[in-house]
Amino acid sequence: MCRAAAWNEPSFVMAANASIWAREYRRISFSYEICLKTLISLINEALLGYAHQSGAWIPESRSRSGAGSGDKAMTKTKQLRAAIQAPQILVQPGVFDGFSARLVEHMGYPTAFITGSGVSESRLGQVDVGIMGMEENVAAVRSIAACSNLALLADGDTGYGNAINAYHTVRAFERAGAAGIMLEDQAWPKRCGHMRGKEVIPQDEMVQKLRAACEARTDPDFVIKSRTDTLATHGLDEVIRRLNAYAEAGADLLFADALLDAGQIRTVAANVPKPLCVNMGFGIRQRSTTPLLSAAQLQDLGVAVVIYPRLLTACALAGMKNGLEILGRSLATGQPEDRPDAALSFEELNDIMGMAEVKGLEEKFLTDDQKAAKYGGEPVGAVHATAKAAGHA
């Protein structure tokens with residue numbers, strides 16, 4: 001399914017002529033809030049590197065309460081569906097907990113992919129080989145949905161059984177606050193699509209799962225994404241055959257995991273009837289399966305959606321590892337190390353995690369006596385502003 005080769009900021013659905021919007025965006029200059037530090041800058045640069053080069057619009061930072069009126073006028077399911085169908089490629093960073101969800105929204109992205117591998121690794125400390133069950137996954141989705149305004153596409157693994165299980169899985173994820181769900185045709189226990197040792201179920205079983213999934217959703221705009229892992233087991237022709245069957249069964253978004261080169265991506269995109277998603281994994285480093293391509297390159301190949309499920313988990317681990325190494329050097333030398341380049345400040349952390357929302361609620365709902373007891377009679381907003389400027393709270 002072909003896409004125009006234009007890059008735009010991911011939080012807007014283009015309804016007008018793309019070239020007109022692009023000209024308008026180039027005339028606008030935005031600046032980020034002060035210093036989101038090395039890790040955050042690296043993440044944004046990686047996802048939007050092409051935008052930096054072309055002069056197109058870069059997402060502005062936003063708080064949880066900072067969604068525009070256009071966002072509020074649409075349900076999250078409608079937002080996600082419209083973004084998938086938009087002319088420009090949809091960029092979905094992978095989120096896995098409250099930290100990552102808050103950060104992605106703070107950086108201006110309206111949608112995200114809840115990475116099953118990231119949830120398994122962060123919540124259970126277990127590799128993505130089918131150890132995490134449905135209840136643990138749904139609980140993570142519920143928590144992420146509760147702390148953000150992102151339109152979330154969740155990872156429903158295999159649906160945790162047959163078509164009947166898939167039916168109830170969709171119901172559970174929809175109730176938890178997801179705007180869509182991905183279901184895959186691996187046999188259970190499944191594993192990360194870029195690992196060896198995958199097995200797949202027969203096509204007709206997966207078709208029935210998708211039919212059940214489509215019937216299970218109570219909101220007709222709830223997105224059903226179908227994934228096939230058959231490239232490794234059956235080859236490219238089977239990938240295309242299955243994705244066409246899954247589209248006919250009602251899937252809204254198609255996904256062939258672990259494609260091996262740009263030619264395969266182009267071939268699949270040109271031979272399926274609905275939008276295609278591609279997994280760019282870490283986003284900023286090569287891996288042994290799908291080659292590292294920019295979002296602009298993927299759009300040129302006909303891709304509608306790109307996900308980065310491993311980017312934030314890998315960057316978070318790298319950042320934590322770096323922090324522990326710095327601490328280790330301090331312990332060895334007996335001298336403190338002040339490294340603002342390696343960690344967010346207390347104030348920046350609270351800002352991303354929604355302290356402004358708490359401040360607004362305190363100002364609105366606490367009695368004067370409660371405010372005086374907490375802040376000595378000083379206005380709530382002034383206290384928080386003073387603490388932020390002084391570098392303490």
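Computed values, structure above
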| read-out | value |
| --- | --- |
| Residue within segment 309-322 that is touching a strand residue (DSSP E or B) at 6+ places or on another chain (Cβ under 6 Å) and assigned to a strand (DSSP E or B) present | no |
| Condition met for residue 330 (open to solvent by less than 50 Å² (accessible area, probe 1.4 Å) and free of Cβ contacts under 8 Å to residues at least 12 places away in the same chain) | yes |
| Every pair of residues 6+ apart whose Cβ atoms lie under 9 Å, when the first sits in segment 192-211 and is modelled with pLDDT of 95 or more while the second is in a loop (DSSP other than H, G, I, E, B) and open to solvent by 60 Å² or more (accessible area, probe 1.4 Å) | 201/188; 205/162; 208/162; 209/162 |
| Candidates 378, 363, 348 - the one that is farther than 30 Å from residue 121 by Cβ, in contact (Cβ under 8 Å) with a residue 12 or more places away in the chain and not polar (S, T, N, Q) | 363 |
| Residue within segment 332-343 that is among the aliphatic types (A, V, I, L, M), out of contact with any Lys or Arg (no Cβ under 9 Å at 6 or more places or on another chain) and in the same structural domain as residue 249 (by the TED database) present | no |
| Selection count where residues are surrounded by 23 or more Cβ atoms within 10 Å (Cβ to Cβ) and closer than 18 Å to residue 92 by Cβ, scope segment 245-256 | 5 |
| Condition check for residue 305: closer than 30 Å to residue 98 by Cβ and of a type in the set (Val, Ile, Thr) | yes |
| Segment 116-136, residues that are touching a residue at least 60 places away in the same chain (Cβ under 8 Å) and under 24 Å from residue 350 (Cα atoms) | 118, 122 |
| The lone exception for residue 353 - which of (1) within 30 Å of residue 321 (Cβ to Cβ); (2) open to solvent by less than 50 Å² (accessible area, probe 1.4 Å) it fails | (2) |
| Options 272, 239, 223; residue that is more than 28 Å from residue 176 (Cα to Cα), in contact (Cβ under 8 Å) with a residue 24 or more places away in the chain and open to solvent by less than 10 Å² (accessible area, probe 1.4 Å) | 239 |
| Any hit, segment 188-196, residues being farther than 27 Å from residue 286 by Cα, open to solvent by 60 Å² or more (accessible area, probe 1.4 Å) and among the hydrophobic types (A, V, I, L, M, F, W, C) | yes |
| Number of the exception - residue 292 against (1) modelled with pLDDT of 95 or more; (2) closer than 30 Å to residue 255 by Cα; (3) open to solvent by less than 50 Å² (accessible area, probe 1.4 Å) | (3) |
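The values are calculated or read from the model by the stated rules, or taken from the named source; none is laboratory data. Nothing here was measured: the structure is a model prediction, and the numbers come from that model. Here Cβ is always computed from backbone atoms with ideal geometry, including for glycine, and neighbour counts include all displayed protein chains. These accessible areas exclude ligands, DNA and RNA; they are computed on the full protein's heavy atoms, side chains included. Shrake-Rupley method; radii C 1.70, N 1.55, O 1.52, S 1.80 Å.
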